[in-house]
Each structure stands twice: as C-alpha cells, then as structure tokens.
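The structure under discussion appears below in the form of structure tokens.
The values are calculated or read from the model by the stated rules, or taken from the named source; none is laboratory data. Computed from a prediction, not measured in an experiment: that's the story for all the values here. Positions of Cβ are generated from backbone atoms using ideal geometry, with glycine treated the same way; all protein chains shown enter the neighbour counts.
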There are 2 protein chains.
Amino acid sequence: MKKNKKDYTPSWLEKEPGEKTFRSIFKWGAENLYKNPSSGFYSVIKQELRLSDTDFQTPFNTGCNIVENLHKTRIALKDLQEFENLVGRENICFDTYSRLKYSTGKSMEDIFNLRQEKIEDICDIVLHPRGRADIEKIVSLCHKKKIALHVYGGGSSVTKGLACPKGGVTLVLNTHMNKVICFSEINHTITVEPGMMGPEYENLLNQAPEKLNAKKSYTGGHFPQSFEFSSVGGWVVTLGSGQASSYYGDAYDLVVSGEYVTPAGVFKTSDFPAAATGPKINDIMKGSEGCFGILVAVTMKIFPYQPENAKKFTFMFPDFEIAVNAVQRISQAGAGMPSVLRLSDPEETDIAMKMYGLNENFLDKFMRFKGLIPGSRCLLMGQTDGEKSFSISLFKEIKKICKKNKGFYLTGFPMKKWLKGRFSDPYMRDALNDFGVLIDTLETSVTWDNIHALYHAVRSYIKQHPNTICMTHASHFYAQGTNLYFIFITKMQNSDEFISFQRGIIDKIEENHGSLSHHHGVGRMMAPWMEKHLGKNQMDILRAIKKHFDPNNIMNPGGLGL
Amino acid sequence: MKKNKKDYTPSWLEKEPGEKTFRSIFKWGAENLYKNPSSGFYSVIKQELRLSDTDFQTPFNTGCNIVENLHKTRIALKDLQEFENLVGRENICFDTYSRLKYSTGKSMEDIFNLRQEKIEDICDIVLHPRGRADIEKIVSLCHKKKIALHVYGGGSSVTKGLACPKGGVTLVLNTHMNKVICFSEINHTITVEPGMMGPEYENLLNQAPEKLNAKKSYTGGHFPQSFEFSSVGGWVVTLGSGQASSYYGDAYDLVVSGEYVTPAGVFKTSDFPAAATGPKINDIMKGSEGCFGILVAVTMKIFPYQPENAKKFTFMFPDFEIAVNAVQRISQAGAGMPSVLRLSDPEETDIAMKMYGLNENFLDKFMRFKGLIPGSRCLLMGQTDGEKSFSISLFKEIKKICKKNKGFYLTGFPMKKWLKGRFSDPYMRDALNDFGVLIDTLETSVTWDNIHALYHAVRSYIKQHPNTICMTHASHFYAQGTNLYFIFITKMQNSDEFISFQRGIIDKIEENHGSLSHHHGVGRMMAPWMEKHLGKNQMDILRAIKKHFDPNNIMNPGGLGL
C-alpha cells in the first residue's frame, strides 16, 4: 500500500530509553532499534479499535523516568557480606534499578507495571555468578539461610517467570556463564553454560569450522521469536519452541542432558541417545523453571547447517477448515516435517495482507476471482529444511497436499517477508503501548480433534471485548496436533482491566481443553491454573519432587504453582 | 549351503512341552512351533565352541517334568478370600504352576532355573483383573495389607522383571485387559488396555477400515523381537524399542499418555502433542516398571500403514570402522531415518553369511575379490518406510552415503531373509539350550564417540571366555549414537558360572560408559547396578518419587533398584 501524502504518522517515540529508566527495562530489544507499525497495519488498528489519529498524538506512560533507589534490600547486612564474599564485589548489586531489571520480564503485565512506575515482587540482591562453583556456594547459603533464589537468563519471559514475590536473590547467568564447555562434532552435540544467548550460540555453530575447529557448519535449529534476547538455559528450563521446531524439535527434544545444582546435591544427567533404565532424570528436570535446581551446563543436539537447501512456500486456502485439513495431512503423511509451518486464520490473514501491502493488488484481485475471499481465506507459510533431496521431496509432497486441499500457491515471497520481520515484530509493541494500545499473546497446544472447538471458543471470548483485534495462527506441528497462538490487540489502559481480560482468556483455554501453554512456560502467570489443569494427584507428584530437592522452598518459590 | 548327506542332525526336541511342565513355561513362543539352527549355523557352533556331533546326541535338563503343587501360598486365608471377592473365583489362582509361570520371564537365568526345576522368587497369588476398577481395589488392598504387587504383561522380560522376591500378588493383564478403549483417526492415536498383545494390536491397526471403522490402515510401528509375546503396556513401562524404531521411535517416543493406578491415587496424563507446563508426568511414569503404579490405559501414536513404499537394502563394508562411519553419516544427514538399520560386526557378518547360506557362492567370491574379506567385512541391512517419495529419496541418500563409504550394494535379498526370520530366531535358543549351549544377549546405548572403545572392551571380555561366539550389531540409530547388541554363545551348564560371566559383561558395559540397557529394561537383573550407574543424587530422585507413590514399598519392590 503506497503511503498517501495525507496519511498521518503518529509521533512514534523513537528515542533511546535513557539509562536506568523504567523504559530501559521494558523496551524490547536493542536500545536504539525501533519498529513502528506500517501504514497498512496502523490503518487496520485505527479501524478495528475505532481510534483516530488524535489517539496517536501524544505518547503517555512512557516510563522515561529514572528508577529511584528507594527500595531497601531486605537481606541482613551480614548475609549481604557473605554473598559478596562468594562472588566478589563486582558481581553483586542491590540498587533498586538492578533488582527491578532482573525481576522483570516482557509480559504485558510487567510492562503495565513499569509504565505506571510500580515496583512489585523484586529480588533483594542481584548476583552475577562466575561459574558452577559460585552457584553451588550460593545455593548452599540460600538453603541454609532460607533465602529465595531465582534465575535470570535472557529476561524474555512473558509469563512473569522472573518475579520474586518473596524477594531474595536473583542470579544473572548471561553475564559470565555464557561459554562453550564442550563441542562434540562426532556426537552432534554442544555443551554450553546456560547463559549463552541465542545469537552467540547460533553464530558459533554456523561458524563452527572457524570457531570450534569443526569440519562442517552447524545450526542449533532453535529460533523462538525471542531468539536474540533469550538464553540457551532459558529455552530448556521453560520448554520453549523455536519457529523451526516442526523439523528440529522443541527445546524439550533438543536437550540431551543437563548439569544441575540443587539443595539436594549436584548431578549431571546422562548423554545416552536413548536408554531403558527407568524414568529419565533429564525429563524430570527439563521445564522445571528453577523450582528444583539451577541448570549450570546443558548439552544440546546440533544439526548440519545447510540453508542452501531451504525451500520456502506460501499457499492461500479458501477457509480455515480446509487449511487445517491440509496442515493435518502434512503432519501425518510420514514424509518428514517442514521446519517452519504457520497457518493464519482469516483475521490474521487479512491483516497480514495489509501489513505486507499485498491487498488490493493484481494478485489479490485474482485470488478473489478464484474464490479466495477476505474474511474467509487463510494464509499458510512454511519452509522445508535439512538434507537437499529430503527438503525437495518434502516440498513437493507439501505442494501436492496443499493443491489437493484447494491451496493456491503464492510462491515463497510472503514467507521471505515474514522471515525478514520475525525478530523485529516485537519492537512494535512498545510503539503501540505508548498510545495505550495493548498487544498481547497467549498460546496453547491442542489435539487435532479439538482445534476448531477451542479456536472458536477462545476467539469468541476475545472478540466479545469491543473493538478488539484477534489474530490467530497455528504453528509448531505434530502428527497429534498443533499449537494455537492468539494475538489480541485492543485499547486498554487499566492494568486490572487487562488482567481480568487476560485471565478470562486463560480460563477459556483451560475450559476448552487446551494446554496452559505450548511454549511460553508457566511462570507466575499460569501458576494459579496448574492444580486445576493437572489435577491434584499429578500436582502432588511435582510437589513431592519439589520437596525432595528443596525442602526449604527457596528455589523460585511459587513457580510452577508449587 | 547344501546339506551334505553325511551331515549329522542333532536330536532336536521337537515335541510339545506338555501341560503344566517347566518346559511349557520357558519354551519360547507357540507350543507347537520350533526352529532349529540351520546346518550352516550348527557347523559354526560346533566349530567355534569346539563341540562335536556327540555333544548333540541327548538333550538334557529339558524341563519336561510337571510342576508339582508344593509351594504353599504365604498369604493369609482371609486375605485370599478378600482378593477372591474382588476379582471372582475364576480370576484368582495360587497353585505352584501358575505362580511360577507368571513370575518367570525369558532371561537365561530364568531358563537355567526352570531347567534345573528350581522354584525361586514366585508370587503367592495370581490375579486376572477384569479392568481398571479391579486394579484400583487390588492396589488399595495390597497397600493397606502391605502385600507386594507385580504386573505380568506378555511375559517376555529378559531382565528378571517378573520375579517376586517378596512374594505377594501378580496381576496378569493379557487375560482380560486387552481391549481397545478409544481410537482417534484424526489424532493418529489409539488408546488400549495395557494387556493387548503385539500381533492383535498391529492387526487391528493394519485392518483399521474393517475393525475400527477408519478411512485408512495404520501401523503401530513397534516390532521388538518379542513382538508376538509382549504387550503394549509392557513396551511402555519397560521402554522397549522395536526393530523399526529409527523411523517410528522407541516406546518412549510412541506413548502419548497413560492412565495409572497408584497407592497415591489414579490419574491420566495429558494428551497434548507438546506443552510447556513443567516436567511431564507422562515422562515420570514411562519406564517405571510397575514401581510407581500400574498402567491401566495407554494412548499410543499410530502411523499410516504403507508397506508398499518400503525399500529394502543391504550393503557390505570392508570393515567395522568404515561401516560405523557410514551409519553415523546416515543418522546425521538430516534426511530422515530408515525404519530398520542393522549393522553387523565381522563375527556376526561371517556367521550370518553361513546361516543364510551365502558364503562360498559366486557372490562371496566376487566380494572377496573386491577386498571384502571374512573376518573384517561387515553387513548392513535396512529398510526405509513412510510416505512414498520420502522413502525413495531417503533410500537414494543412504545408497549414496554407503557407496561413498566403500559399501558394496547387495540388493534387498539378505534383508528379506532376515525379515522372514526375525520373530522365529528366538525359538533356536531352546534347541541349543537342550544340549547345554547357552545363547544370551546384552545391549547398551552409546554415543558415537564411544562406540569403538565400548565395542572392543566388551567384546574382548566375552571372547576371553574360551570357545565363545560373540556376535555384535548396532541397531536403533540416533543422530547422537546407537545401540550395541551383543549376542554370546558358549557351552555352559552351571548357572552360577553363567551369572558370574554375565555380570562380568554388565560390569564391562558400565565401566566403559554404556547405558545399562537400551531397550531390555532394568528388572531385577540390572537393578544392582542402578545406583552406581545413575549416581546417588539421581537415584535419590527416583527414590523420592517412589516414596511419594508407594510409601509401603509394595509396588514391584526392589524394581529399578529402588
């Protein structure tokens, strides 16, 4: 869509947040990077939310004030001294800003609080451990003194996973604990410290010949939207999924083994590719969100890096039911899986077309002529990866299935557009939030037999709220089901109103038999639903394990609802 | 190899074992089916074990005596009455034969005992529960009365998984609990009772259009060598692997969810294809070998049944190192995995050639000419499966990798021979045992960087024993490693000597960093190594879970080394 000269451009706040400000904590990503809604997206928002240009004149609650050092640490002086002795003066801080920063993630609730300059549930000390030895001493001291202990990886939690309602200590793992421990080209594994961040991890593997003395290049295959601002350890302890997970696997599948420091001792789980020696300890630990112990080393699967084999594709389907049928067929064909697969519902499709400026051009007209009508049509994007002949053969099979299911091939172009924007899209949230427009997401895994019922129930609930956009896509595919990802956008300035709206959505997901989360994790946000979701008998199992590891309830207390 | 007229044929004992005899318990498979070593295999055995035809004249310790009803049950009369009230008179027995039968698996140690008519570690009552409700009442009664409780699925355990050192109750699940609970074609899952046996399960899926009112045919993809005599529940609670696991997955991967009855309550784990809601309860239960609770319903993944797409292949490699390199390349190519892949070491290759009558023919001479020399050459067999273009493209890729690694293509013929015999080969054990020749197996999973070290250490240990065949193959492949399967054959009549030899092998596996088991499970056989293998801190985790479920230690007490 060409910009009309008369088009109004909101006063997007493109300035660096400033040191030690609230904004510097909640702003997504790099300090000096911005992404504002395209004019197409901006018009959609105005139209759907019934806003006008006047609503986008003056940013407010921008959090540009400095965090004053007002909140005294609640840890006794002699204990502070002990912690300082453990990690060194340069690796401890207890000023309000640091404590707030490392107790805050990127959930809409976090952002509401920071924009209102509300300081809640922060830790008392921030420590930057230098290695496993420091962590062992810290865990032991916290256990002895009954001081709550939390972990900060990359800080991208959208489930309030970093909140410290009991105060205590937060360990920041990406400061020092971000190194390679061991690389095994023959086993296709790499062992790293948990604080290594996504881009460093992936670059290291892509450049393995130069950096790791390897024969070939590799990929970790894990690209969550938070890729640039999340850590390898964070992926594992919260069970994240990357956008290419349908081929490479979720973090759940990618982690071979881990070394954990717990109040009940230190151990390293085994590296066997499979074993029939009882329930796997690795499984008991992964996804434990710091409630059982602290991950200090993690061994991950790696894959040949062969981007030259990738095949990108896009299809348009006449409606959601037909499109779901096609992706189900793809997932159950037994032909291997594409890395990326992403099916947008009609609302997301229409908005995407406008965002990418693809509406009302010749192609759009042709599609309408072919019966692919806005309000009904659905966009499927994807990419095959892996070994060359596999990628090509799967690409052909997908084309075949899509065509059989009335899919209209749109080349790889929209997929390329999406790939380009996929890590920068989250920047738009700050721009919209500055004008009181909230944008938030919830996701759930569903079995195929439940996808439509859940989709309609949750979507109806969201759309009941007046002037609200609800875009939904299915992504992360399995033979047994998929993940439904709901993005909702509405004008809402009151955080209580937001929380009640959001909780209503979670209730709807739970009532309609979706999982509480597919890849965002539990955090403090989902914790209150856990007992109902799993049932008492299953929660009791997690409680028993928790009690074994952490009898004093100091490890991320309240996490996982335990 | 043509049979020479002068060839001696041992007096193989081809007669039905007779009702209530020891032999009827240990004999593999169907009552009236036999498989004797081919003349080629018989000559190899004589040659390698330094035996002569005279050693094969009179079978001994054949276990043809009837099990006398001598062992009184140790359960109090009023408790017996209570159990009878729960399940009905027709579903309880406490005669010695039944108790022995359902407390005995197919381990070499079990067979030694039965051939020597030694009755050890048997249960006191056998119950045939009619469904979940019966099991709930039985668990509750055993918990209250502190009576040990065990489960018998198909009875094929080779790890003494059925022994009852504390006596108590054994539940037989394949009598009544063998039905379909729910079939979901859309989710590609089937939920069955745990006692459904392999062939029934697979036939049901293959004939899904007729039997389950499905649109298509399916396969469970799980074909352990014990396929015909093992149960779906048994596969899951012992973490079995089928011969096609490299494509379909191990039982670990195949199980979606389970319903468990435990002393701490009943629950059903969730069916989500993935979820980020903490450690998965399903993972905590699978592989628990009856120590935590009893699996009463299990939901498994199913796959399109498309045998017409299978591509069979066989290659001969000049030596084991080159061959391992080839299978590692296949497993790490990112092209998907073949269903079956089985690489024999030189000793197994030479014996297989003789068993299949492939040695000393024209092809053999040609191979020798090409530098594929007995004592060094290695046979790789396999099959690709799945969707047609996937199977073909992978087949081509495998051919390419094998040829690049000096593999000589032998068509699919030997693979077809192996497929034909794969479920009947175990029958040979009884024939050999009748003449004091033991044949046993141990298996372990290894990472690629450790395969040669472990292979040589374990093999050297076995070969140190005089006149002993040691055939090894790698099967079940992963990007990170494989499974090494050791088959050892020697003349040994003393069970203490056998146990000490076998323990020595397990020690060697453990010392050389192999897993205690890849797919046989733990049972009573591996239990003594568990603490050393996992380390105290990890065993403590399993102990804590055990204590939660089973504070009175009645659920398969001593299982998993707990």
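Select the strands (runs of 3 or more DSSP E) contained entirely in region B:256-350, then report the ones holding at least 1 residues which are in contact (Cβ under 8 Å) with a residue 12 or more places away in the chain and within 12 Å of another protein chain (Cβ to nearest Cβ).
On the way: elements: B:265-268, B:294-301, B:311-317, B:340-344.
Answer list for region B:256-350: B:265-268, B:294-301.
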Region A:96-154 - residue that is hydroxyl-bearing (Ser, Thr, Tyr) and either touching a strand residue (DSSP E or B) at 6+ places or on another chain (Cβ under 8 Å) or in contact (Cβ under 8 Å) with a residue 40 or more places away in the chain (or both) and, of those, surrounded by the fewest Cβ atoms within 10 Å (Cβ to Cβ): A:140
Number of the condition not met by residue A:29 [criteria: (1) at pLDDT 95 or above; (2) closer than 25 Å to residue A:488 by Cβ]: (1)
For residue B:450: the one exception among (1) buried (at least 18 other Cβ atoms within 10 Å of the Cβ); (2) more than 14 Å from every other protein chain (Cβ to nearest Cβ); (3) assigned to a helix (DSSP H, G or I); (4) not β-branched (Val, Ile, Thr): (2)
Lone unmet requirement of (1) within 18 Å of residue B:441 (Cα to Cα); (2) surrounded by fewer than 23 Cβ atoms within 10 Å (Cβ to Cβ); (3) in contact with a Phe, Trp or Tyr (Cβ under 9 Å, 6 or more places away or on another chain) for residue B:529: (3)
Verdict on residue A:11 being at pLDDT below 95, out of contact with any strand residue (DSSP E or B) (no Cβ under 6 Å at 6 or more places or on another chain) and over 30 Å from residue A:139 (Cα atoms): yes
Residue in region B:403-445 that is farthest from the other protein chains (Cβ to nearest Cβ), counting only those that are farther than 30 Å from residue A:385 by Cβ, small (Gly, Ala, Ser) and assigned to a loop (DSSP other than H, G, I, E, B): B:436
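Can you give me the number of residues within region B:468-481 that are within 14 Å of chain A (Cβ to nearest Cβ) and not aliphatic (A, V, I, L, M)? Talk me through it step by step, then tell me what you get.
First pass over region B:468-481, keeping only residues within 14 Å of chain A (Cβ to nearest Cβ): B:474-481.
Now drop any that are not not aliphatic (A, V, I, L, M), which leaves B:475-478, B:480-481.
Number of matching residues: 6.
Restricting attention to region B:352-387, which residues are surrounded by fewer than 18 Cβ atoms within 10 Å (Cβ to Cβ), charged (D, E, K, R) and more than 16 Å from residue B:405 (Cα to Cα)?
If we filter region B:352-387 for residues that are surrounded by fewer than 18 Cβ atoms within 10 Å (Cβ to Cβ), which is where we start, we get B:357, B:360-366, B:368-371, B:373-376.
If we keep only those that are charged (D, E, K, R) as well, we get B:360, B:364-365, B:368, B:370.
Correct list: B:360, B:364, B:365, B:368.
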Flag for residue A:540 being of a type in the set (D, E, K, R) and in contact with a Gly (Cβ under 9 Å, 6 or more places away or on another chain): yes
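Take the residues of region B:551-560 that are more than 8 Å from every other protein chain (Cβ to nearest Cβ) and crowded, with 21+ Cβ neighbours inside 10 Å: which is nearest to residue A:260 (Cα to Cα)? I'd like the intermediate steps shown before the answer.
Taking region B:551-560 as the starting set, the residues that turn out to be more than 8 Å from every other protein chain (Cβ to nearest Cβ) are B:551-559.
With the extra rule that they be crowded, with 21+ Cβ neighbours inside 10 Å, the set shrinks to B:554-556, B:559.
Values: B:554: 31, B:555: 29, B:556: 29, B:559: 26 Å.
Checked region B:551-560; the qualifying residue nearest to residue A:260 (Cα to Cα) is B:559.
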Region A:91-106: number of residues that are under 16 Å from residue A:17 (Cα atoms), in a loop (DSSP other than H, G, I, E, B) and of a type in the set (Gly, Ala, Ser): 0
Identity of the residue in region A:398-411, charged (D, E, K, R) and more than 30 Å from the chain's Cα centre (by Cα), that ends up surrounded by the fewest Cβ atoms within 10 Å (Cβ to Cβ): A:404
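Scan region A:65-78 and give yes if some residue there is of a type in the set (Asp, Glu), surrounded by fewer than 21 Cβ atoms within 10 Å (Cβ to Cβ) and either without any contact (Cβ under 8 Å) to a residue 40 or more places away in the chain or part of a loop (DSSP other than H, G, I, E, B) (or both), otherwise no. I'd like the intermediate steps shown before the answer.
Kept after step one, since they are of a type in the set (Asp, Glu), are these residues of region A:65-78: A:68.
Those still in the list that are surrounded by fewer than 21 Cβ atoms within 10 Å (Cβ to Cβ) too: A:68.
Filter again for either without any contact (Cβ under 8 Å) to a residue 40 or more places away in the chain or part of a loop (DSSP other than H, G, I, E, B) (or both), leaving A:68.
Yes: one or more hits.
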Pair list, Cβ < 8 Å and 6+ apart or interchain, from region A:380-402 residues that are within 7 Å of chain B (Cβ to nearest Cβ) and free of Cβ contacts under 8 Å to residues at least 24 places away in the same chain to residues that are of a type in the set (Gly, Ala, Ser) and assigned to a helix (DSSP H, G or I): A:389/B:393; A:396/B:389
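Collect the residues in region B:334-380 that are of a type outside the set (A, V, I, L, M) and touching a His at 6+ places or on another chain (Cβ under 8 Å), keeping them in residue-number order. Break it down stepwise before answering.
Applying the first criterion (of a type outside the set (A, V, I, L, M)) to region B:334-380 yields B:334, B:336, B:338-339, B:342, B:344-350, B:354, B:356-357, B:359-362, B:364-366, B:368-371, B:374-378.
Answer for region B:334-380, where residues must be of a type outside the set (A, V, I, L, M) and touching a His at 6+ places or on another chain (Cβ under 8 Å): B:342, B:344, B:345, B:348.
Looking at B:465, B:518, B:548, can you tell me which residue is within 12 Å of chain A (Cβ to nearest Cβ) and more than 17 Å from the chain's Cα centre (by Cα)?
Working: B:465 fails: within 12 Å of chain A (Cβ to nearest Cβ); B:518 fails: more than 17 Å from the chain's Cα centre (by Cα).
Only one candidate qualifies: B:548.
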Some residue of region B:360-375 being more than 14 Å from chain A (Cβ to nearest Cβ), outside any helix (DSSP H, G or I) and out of contact with any Pro (no Cβ under 9 Å at 6 or more places or on another chain): yes
Pair list, Cβ under 6 Å, 6 or more apart: region A:442-467 residue closer than 15 Å to residue A:507 by Cβ, other residue part of a helix (DSSP H, G or I) and modelled with pLDDT of 95 or more: A:442/A:505; A:444/A:509; A:457/A:508; A:458/A:508; A:458/A:509; A:461/A:508
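Look at residue B:162 and say whether it is under 21 Å from the mean Cα position of the chain (by Cα), aliphatic (A, V, I, L, M) and under 29 Å from residue B:500 (Cα atoms).
yes
Would you please name the residue that is nearest to residue A:430 (Cα to Cα), looking only at residues in region A:37-64 that are of a type in the set (Val, Ile, Thr) and in contact (Cβ under 8 Å) with a residue 12 or more places away in the chain?
Here is the first cut: in region A:37-64, the residues of a type in the set (Val, Ile, Thr) are A:44-45, A:54, A:58, A:62.
Retained after the next criterion (residues that are in contact (Cβ under 8 Å) with a residue 12 or more places away in the chain): A:44-45, A:58, A:62.
Working: A:44: 17, A:45: 15, A:58: 14, A:62: 9 Å.
Per the criteria, the residue is A:62.
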Test: residue in region A:81-90 that is at pLDDT below 95, in a helix (DSSP H, G or I) and crowded, with 17+ Cβ neighbours inside 10 Å: no
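Quick one: which of B:114, B:162, B:149, B:173 is touching a Pro at 6+ places or on another chain (Cβ under 7 Å) and not hydroxyl-bearing (Ser, Thr, Tyr)? Let's see the steps before the verdict.
On the way: B:114 fails: touching a Pro at 6+ places or on another chain (Cβ under 7 Å); B:162 fails: touching a Pro at 6+ places or on another chain (Cβ under 7 Å); B:149 fails: touching a Pro at 6+ places or on another chain (Cβ under 7 Å).
Answer to the selection: B:173.
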